[in-house]
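Student: Shown below is the structure under consideration.
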């Protein structure tokens, strides 16, 4: 994560294994994988933007998950680096889109970079194959969003890479919340149904094809009317420039405390 202040919360659940039960292209830029497995019944369900390390089988059936550490801290990462490249999985960060404990089921959305293969990475091309039946492993890392105590006003800003996080936060906000959610996507068909408090104005922002990801959302943020003189929680995530400049605007221009804005650069536009 090139620019962020997101804390890592190591859960006691350790390494959780599952399989891809369903895979669906839900819009031009998103594939949704449904993971199922008995071990998910013990998953710590935190809601909001809960994220995890996802280990995927880039080595096919030869991939070994049993050698991964149950905790992805410095020691766990160093252990991962010692594993043979021919059998170790790739590990990337993803957000829980939805979770159903009774069904031992989790949904995860993957952004598919159709027009920008340079930033496709490893996990998105794998998800784009709709890998039903594939084994995966997960390590719970907690939530990035840490609301300010007593703050009923929120400002949430994202482009598509952070859309699952933004949707999760909006879904689980208190019903009394007010504020703005500025959500940038490359295609109108990428807009998703959102459950949010009535007082939060959700604005979908359609990005022009040649524009830098996050630039339109940042411009929308800068154009918001003055915020009420009350405690405000901010969340800005997506491409690194959106995350860093969005936080800078909220702190330097809007007057939020630095600790009141959770921000994370998920990736960097070259």
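Student: Kindly state which strands (runs of 3 or more DSSP E) lie completely within region 194-270 and contain at least 2 residues that are without any contact (Cβ under 8 Å) to a residue 24 or more places away in the chain.
Tutor: 199-206
Student: Next question, about the same structure. Going residue by residue through region 145-163, is there one that turns out to be closer than 24 Å to residue 38 by Cα and surrounded by 20 or more Cβ atoms within 10 Å (Cβ to Cβ)?
Tutor: Checked region 145-163: no residue is closer than 24 Å to residue 38 by Cα and surrounded by 20 or more Cβ atoms within 10 Å (Cβ to Cβ).
Student: Given the conditions (1) more than 23 Å from residue 108 (Cα to Cα); (2) in contact (Cβ under 8 Å) with a residue 12 or more places away in the chain; (3) surrounded by fewer than 17 Cβ atoms within 10 Å (Cβ to Cβ), which single one is not true for residue 180?
Tutor: Every condition holds for residue 180 apart from (3).
Student: For region 126-163, how many residues meet the condition of being assigned to a helix (DSSP H, G or I) and either at pLDDT below 95 or farther than 15 Å from residue 57 by Cβ (or both)?
Tutor: Number satisfying all stated conditions: 4.
Student: Inspect region 78-98 for any residue being free of Cβ contacts under 8 Å to residues at least 12 places away in the same chain and closer than 21 Å to residue 23 by Cβ and give the result as yes or no.
Tutor: Yes: one or more hits.
Student: While we're on this one: Please determine whether any residue of region 45-54 is in contact with a helix residue (DSSP H, G or I) (Cβ under 9 Å, 6 or more places away or on another chain), at positive phi and touching a residue at least 40 places away in the same chain (Cβ under 8 Å).
Tutor: So far as region 45-54 goes, yes, one or more of its residues are in contact with a helix residue (DSSP H, G or I) (Cβ under 9 Å, 6 or more places away or on another chain), at positive phi and touching a residue at least 40 places away in the same chain (Cβ under 8 Å).
Student: For residue 244, indicate whether it is touching a strand residue (DSSP E or B) at 6+ places or on another chain (Cβ under 8 Å), surrounded by fewer than 24 Cβ atoms within 10 Å (Cβ to Cβ), within 24 Å of residue 50 (Cβ to Cβ) and modelled with pLDDT of 95 or more.
Tutor: Yes, satisfied.
Student: Mind telling me which of the residues 121, 179 ends up being outside any helix (DSSP H, G or I) and farther than 22 Å from residue 4 by Cα?
Tutor: 179
The values are calculated or read from the model by the stated rules, or taken from the named source; none is laboratory data. Model, not experiment: these values are computed from the prediction. Because the Cβ atoms are built from the backbone with ideal geometry, glycine has one as well, and the counts that use them run over all protein chains shown.
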